[in-house]
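Enquirer: Pasting a structure below so you can have a look.
The values are calculated or read from the model by the stated rules, or taken from the named source; none is laboratory data. Just so you know, these numbers come straight off a predicted model, no measurement behind them. Ideal geometry is used to build each Cβ from the backbone, glycine not excepted, and the neighbour counts take in all protein chains shown.
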Amino acid sequence: MSQIAYFDLPDVGEGLTEAEIVTWKVKVGDTVSVNQIIVEIETAKSLVELPCPFAGVVTQLLANEGDTVNVGSPIIGVTVSQATAAVAAGHAPTSMHSAVAQNAVSTEAIETVSEVASTSSEEKPQPNLVGYGVSAAAPSRRRRGAAPVIATATSIANATAPGTDLIAIVPSADVVIAKPPIRKLAKDMNVDIAKVKATGVSGEVTREDVLAAAQVASVFKNQTTPEPKTEREERIPVKGVRKAIATAMVQSAFTAPHVSIFVDVDATRTMEYVKRLKASADFAGVKVTPLLIMAKAMIWAARRNPTVNSTWTDTEIIVHNYVNFGVAAATPRGLIVPNVKDADKLSMLELAMALEKLAATAREGKTTPADMQNGTITVTNIGVFGVDTGTPILNPGEVGIVALGSIRPKPWVVDNEILIRQVTTIGATFDHRVVDGDVASRFVQDVASVIEEPALLLD
Amino acid sequence: MVQLLTVDGDFVEPKEYAVYGDLVRQLREADFLKFYRDMARIRRFDEEATALQRQGQMGLWVSAIGQEGAQIGSGYGVGPNDHIFPSYREHGVAITHGVDLMSIIKMFRGVNHGGWNPKENRFHLYAIVLGTQALHATGYAMGINFEGLVGTGDPEKDLAVITYFGDGATAEGDVSESFLFAATNNTPQVFFCQNNQWAISSPVGTQTKVPLYQRGEGFGVPGIRVDGNDVLACYAVTKKHMDDARSGKGPSLIEALTYRIGAHTTSDDPSKYRDPAEVAEWAAKDPLIRFERFLRKQGIGQDFFDEVKTAGDELATELREKTFAMTEPPLELMFDHVYSEPHPLIEEQRAWLQGYEESLGGHSSNVEGDDTPTYGGTH
Amino acid sequence: MSNFVELSIAKAINAGIRKSMQENSKVLVFGQDIAQLGGVFRVTEGLVGEFGAKRVFNSPIAESGIVGTAIGLAMRGFRPVAEIQFDGFVYPAFNQITSQLAKLTNRSEGFFEMPVVVRVPYGGGIGAVEHHSESPEAYFAHTAGLRVVSPSNANDAYWMIQQAIESRDPVMFFEPKRRYWQKGQVNLDQAALPLHAANTVRQGSDVTIATYGPMVVTALQAAENAAAEGINIEVVDIRSMSPIDFGHIVESVKRTGRLIVTHEAGTFVSISSEIAAKIAELCFYHLEAPVLRVGGFDVPYPAAKLEELYLPDADRLMEAVDRVLAY
């Protein structure tokens, strides 16, 4: 049985991508033998005769005289015997790159091929003295998304001569690993990068780590131990914000009977939830912290235990059916408690944004008196100071306040096994004139339940 | 110019070349037939390789057509233990020393840079940078000197070196420096210049003002010119000079005057710079035709020539089949042998490329049963 | 107990070559004026007397020929140690070194080994005329197939020349000519390090200076000056420019966080460029400052009267130390 074998226009070594068929030396029906010249082609103004690769009968001429054909396109079909077909179906050389630079062979300038005429649309490639010439671009095989490989190198002496007497080099234990921009950030924010807790994948200090440390460090952390003072005492006049805080604290502490209760809770699920929110596209660019979840928990718990969200006057207890959610904020001038109005009406995203704005405004010292009035319940985040829990003082006009402490990995019993979980203590203080122990406990339990299982918020 | 065979194939020996005639007279008929067979074989090989290149099987082919007399003759004039440093067109010399012709195809196909074992047949690798091989040959010959393997009289011990280059290469500084080192060290060495009269498009007058066989005199390397299309003269002159070198008479230069019938390479177009009349004139002096005439006058019959033609066709078919069966080189070839001893950068990069290729589905080396058709294949 | 002797670098190389020649009869030494004269720097003094004219011989003034014939000799089974008289004269041999010597093992797929050493006195600081003060090592380090090394002291000179001669690969052996007369203790019994290993010559904690050849002494000087200012500099002698012992440099930079690389050659497209790029990749998280490079300027090596301005000295190194610490 016979088959048709096709001869594709080859690159005859001049960096061709195409050639013109000048003269056919055979026609359909002719018998051809191996290496018989079948066609004359023009390449960059010189004529090249092509010998036929196989013997057989010409079946098709696939291009006309005068046609420009691309290298790789079939130009002739020849009916060949089975054996020839088998041989013809062997390997083709893949397009190869230009092998040798032109000056390798001769110091002569190439005068053999005349100027390549180029038009704007059809540039003929430069003739090449040696090799396959310029190859057509290979199809791209690019795969995206390779994980960055952390490069390493072994020192030659260690690799080849373990027994040699080298100067002992002791690697330093407290080496900071951080990208240059993060180092700069730390410097700009006055953070000692060596003291920042690193949470990066390779053990490096991340941008978030520096920012977190900066938050705490800028106002609260003792950075340096000052020199011992020479004067025996320093007198600070009581006025302004300090006087106002003092007045409020006294009024609150010595008017309302304060009771504090505490619950330890497994906050792992809250931490996971926070992580997922952080990663979600909706929350991109918005700060998400456990405080956000705590806020939502308190709002939910307040709906279930309304009396904790109220105000005592000597004649009435005013239960608020809205939550103006206060956050105790430390500023350079002192403690203030701005609140997010109608926080119960806000979605998770809106609340996150509102809390972020509240904190930024406070840091900038731009909180207005209106922001600080009419709060109905407050949270104080002492966890950022590294403190586990505490007995907060009520914000005047409110009957409940929750302290969000640090969230730390601790051993915890889960399904009868001891596991390491993220654990926190929720501390809360109440005005016992309004809130009795049972209400207080239920409220705190509700908050704790959400912290333990944020999915309860779906209620 | 030493010539023993006229263009008509008559053995005519001028008195001053009796020493060469003597060497020819020591040959038997079997030797003559061997010369012709190899000349025909290498010509057929060359023609087939040219066709294969035109069919996309090689990036380049360097044709030696027209130079068979010089190459086969000189190749057989080299001693059984001597070393040969070619340039890149000496396919005829290669077959006199048993080099597998497919190795040459592989090199021009781009599978490797010349993959034969230079120590196996004492035929060293092709040198692409012109003239560099002349210095290597000279250094090699200096080594033979140091080992005392020259002029002992023991044919098993004594060695000589022959290096080939063309007229173009004689302009390279390395060739001049080789003459210098050879002469001052009295190396057992023959410099064989195939003056095929064209270096790409530059005629030999661009490379030299004096006849090339006189080139070495200034350095102390005596020279002689031989008719490069006369296989018997080339044989005799080469044999004499190699024997002299081996016996300690120092280096010499042979200029074989011949003609490059074909193009410089398959990318060259000689019609742009050569007079077809000149080509025709030299075609008439073709070494195969001349030697055939000589053989027929010696009584060799048509049967022999038919047998040679058949053998040539068989060679061509074999060449074709083997070329199609060639596989791609493995990527390891790029990294193996860059150094003889382990090198960290090479290992690093090899490992990287292997990993990279694997991640993209593997490098197609040694692809068996790949359906890519050779010419378009069977549809 | 090891046998120690004080030798200048020139004498140490001489002793190393001598030892190699005693141990291997295939070792040949040649170049211009290296026989009776013993070389213009006397590095090959006495060798022709001990080993004879078949192993130690003068070459004509033909650098390409010197390297080309060395290749032929290596093919024949010898171990040539060829000398190029001065750095500025290596260029005529550039073709044979880069297109042949570097590639023959690869071209022959391992059938030929090229155990050739090309010795090149290099560097400036000797008030010389043009072309006698070059630092061309980068051209050769860039060429695959070559190994490139440079000893900075007598002990390394003694051992590295022997290791280079023993190597089965071509080695460009750059000898810091302005340090030829610098003396040092040579351990005659045991080589401290493999040929291509880097060596920490001064331990420190604040900044690493990596360098080779003639600049090692300058770096140590700068480190002394810095110590007086309370800055503790670690100096690494990389010893080999191809391959470069990155692992060793990385260990150092991971501790100090700051790297300066220095050499006499101009910094543009130089050995220090390679080290800076590679260390930026390998030590990205550990760098407190960018890698700084201190070299000669990117001009042809100047006339002797301007040489002092050109060559990086301890002060220029300190200027870089200040800059790198400011980050």
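Enquirer: Please find, among B:140, B:126, the residue that is within 21 Å of residue C:69 (Cα to Cα), surrounded by 22 or more Cβ atoms within 10 Å (Cβ to Cβ) and within 8 Å of chain C (Cβ to nearest Cβ).
Expert: Result: B:140 is the single residue among B:140, B:126 that is within 21 Å of residue C:69 (Cα to Cα), surrounded by 22 or more Cβ atoms within 10 Å (Cβ to Cβ) and within 8 Å of chain C (Cβ to nearest Cβ).
Enquirer: Across the stretch C:71-101, which residue is nearest to the other protein chains (Cβ to nearest Cβ) among those that are of a type in the set (D, E, K, R) and either part of a helix (DSSP H, G or I) or free of Cβ contacts under 8 Å to residues at least 60 places away in the same chain (or both)?
Expert: Selected residue: C:76.
Enquirer: Of the residues A:361, A:380, A:367, which is β-branched (Val, Ile, Thr), out of contact with any His (no Cβ under 8 Å at 6 or more places or on another chain) and in a strand (DSSP E or B)?
Expert: A:380
Enquirer: Now for a separate question. Anything in the stretch A:204-248 that is over 21 Å from residue A:330 (Cα atoms), surrounded by 12 or more Cβ atoms within 10 Å (Cβ to Cβ) and either at pLDDT below 80 or not charged (D, E, K, R) (or both)? List them, or say none.
Expert: A:205, A:206
Enquirer: With respect to the numbered conditions (1) of a type outside the set (Val, Ile, Thr); (2) out of contact with any His (no Cβ under 8 Å at 6 or more places or on another chain); (3) surrounded by 15 or more Cβ atoms within 10 Å (Cβ to Cβ), which one is the sole condition not fulfilled by residue A:431?
Expert: Every listed condition holds for residue A:431 apart from (2).
Enquirer: Now, a different point. Can you tell which of B:341, B:368 is within 14 Å of chain A (Cβ to nearest Cβ), modelled with pLDDT of 95 or more and not in a helix (DSSP H, G or I)?
Expert: B:341
Enquirer: Now a separate question. Taking into account only those residues within the stretch B:249-286 that are of a type in the set (Phe, Trp, Tyr) and assigned to a loop (DSSP other than H, G, I, E, B), which is surrounded by the most Cβ atoms within 10 Å (Cβ to Cβ)?
Expert: Residue satisfying both the conditions and the ranking: B:259.
Enquirer: Can you find, within the stretch A:281-308, the residue that is nearest to residue A:406 (Cα to Cα) among those that are out of contact with any Asp or Glu (no Cβ under 6 Å at 6 or more places or on another chain) and outside any helix (DSSP H, G or I)?
Expert: A:289
Enquirer: Any residue in the stretch B:14-29 that is within 14 Å of chain A (Cβ to nearest Cβ) and assigned to a loop (DSSP other than H, G, I, E, B)?
Expert: No, that holds for no residue.
Enquirer: Any residue in the stretch C:102-109 that is more than 14 Å from chain B (Cβ to nearest Cβ), in a loop (DSSP other than H, G, I, E, B) and touching a helix residue (DSSP H, G or I) at 6+ places or on another chain (Cβ under 8 Å)?
Expert: No.
Enquirer: A further question on this structure: Limited to the stretch C:147-191, what total is found for residues that are of a type in the set (Asp, Glu), within 13 Å of chain B (Cβ to nearest Cβ) and part of a loop (DSSP other than H, G, I, E, B)?
Expert: Count: 1.
Enquirer: Answer yes or no as to whether residue C:143 is closer than 27 Å to residue B:118 by Cβ and outside any helix (DSSP H, G or I).
Expert: yes
Enquirer: Moving on to the next point. Mind listing whichever residues of the stretch A:321-374 are touching a strand residue (DSSP E or B) at 6+ places or on another chain (Cβ under 9 Å) and among the aromatic types (Phe, Trp, Tyr)?
Expert: The one that is touching a strand residue (DSSP E or B) at 6+ places or on another chain (Cβ under 9 Å) and among the aromatic types (Phe, Trp, Tyr): A:325.
Enquirer: Here is a check on your reading of the model: is residue B:319 part of a helix (DSSP H, G or I) and either modelled with pLDDT under 95 or within 13 Å of chain A (Cβ to nearest Cβ) (or both)?
Expert: Considered against the rule, which asks whether it is part of a helix (DSSP H, G or I) and either modelled with pLDDT under 95 or within 13 Å of chain A (Cβ to nearest Cβ) (or both), residue B:319 comes out as yes.
Enquirer: I'd like the residue in the stretch C:27-54 that is assigned to a loop (DSSP other than H, G, I, E, B) and touching a Ser or Thr at 6+ places or on another chain (Cβ under 8 Å) and, out of all such residues, is farthest from the other protein chains (Cβ to nearest Cβ).
Expert: So, considering only residues that are assigned to a loop (DSSP other than H, G, I, E, B) and touching a Ser or Thr at 6+ places or on another chain (Cβ under 8 Å), the one farthest from the other protein chains (Cβ to nearest Cβ) is C:38.
Enquirer: Being at pLDDT 50 or above, within 9 Å of another protein chain (Cβ to nearest Cβ) and crowded, with 20+ Cβ neighbours inside 10 Å is the requirement here; does residue A:105 meet it?
Expert: No; evaluated as a whole, the condition is false for this residue.
Matching residues to (1) within 18 Å of residue C:195 (Cα to Cα); (2) over 16 Å from the mean Cα position of the chain (by Cα); (3) at pLDDT 95 or above:
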{"residue": "C:226", "(1), (2), (3)": "no, yes, yes"}
{"residue": "C:231", "(1), (2), (3)": "no, yes, yes"}
{"residue": "C:237", "(1), (2), (3)": "yes, no, yes"}
{"residue": "C:243", "(1), (2), (3)": "yes, no, yes"}
{"residue": "C:249", "(1), (2), (3)": "yes, yes, yes"}
{"residue": "C:261", "(1), (2), (3)": "no, no, yes"}
{"residue": "C:266", "(1), (2), (3)": "no, no, yes"}
{"residue": "C:279", "(1), (2), (3)": "no, yes, yes"}
{"residue": "C:285", "(1), (2), (3)": "no, yes, no"}
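Enquirer: Can you list residue pairs whose Cβ atoms sit under 8 Å apart, with the first residue in the stretch C:207-230 being closer than 26 Å to residue C:177 by Cβ and the second being among the aromatic types (Phe, Trp, Tyr) and modelled with pLDDT of 95 or more? Count only pairs 6 or more apart in sequence or on different chains.
Expert: Taking only residues 6 or more apart or on different chains, the pairs are C:213/C:122; C:213/C:174.
Enquirer: Can you say whether residue B:308 is of a type in the set (A, V, I, L, M), free of Cβ contacts under 8 Å to residues at least 60 places away in the same chain and either assigned to a helix (DSSP H, G or I) or more than 17 Å from residue B:51 (Cβ to Cβ) (or both), as far as the supplied structure shows?
Expert: no
Enquirer: List every residue pair whose Cβ atoms lie under 6 Å apart, where the two residues are 6 or more positions apart in sequence or sit on different chains, the first residue falls within the stretch B:245-269 and is within 14 Å of chain A (Cβ to nearest Cβ), and the second residue, located anywhere, is surrounded by fewer than 23 Cβ atoms within 10 Å (Cβ to Cβ) and hydroxyl-bearing (Ser, Thr, Tyr).
Expert: B:262/B:63; B:268/A:112; B:269/A:46; B:269/A:112
Enquirer: Here's a follow-up. Could you name every one of the strands (runs of 3 or more DSSP E) located completely within the stretch A:1-60 that has at least 1 residues being more than 8 Å from every other protein chain (Cβ to nearest Cβ), out of contact with any strand residue (DSSP E or B) (no Cβ under 8 Å at 6 or more places or on another chain) and modelled with pLDDT under 90?
Expert: none
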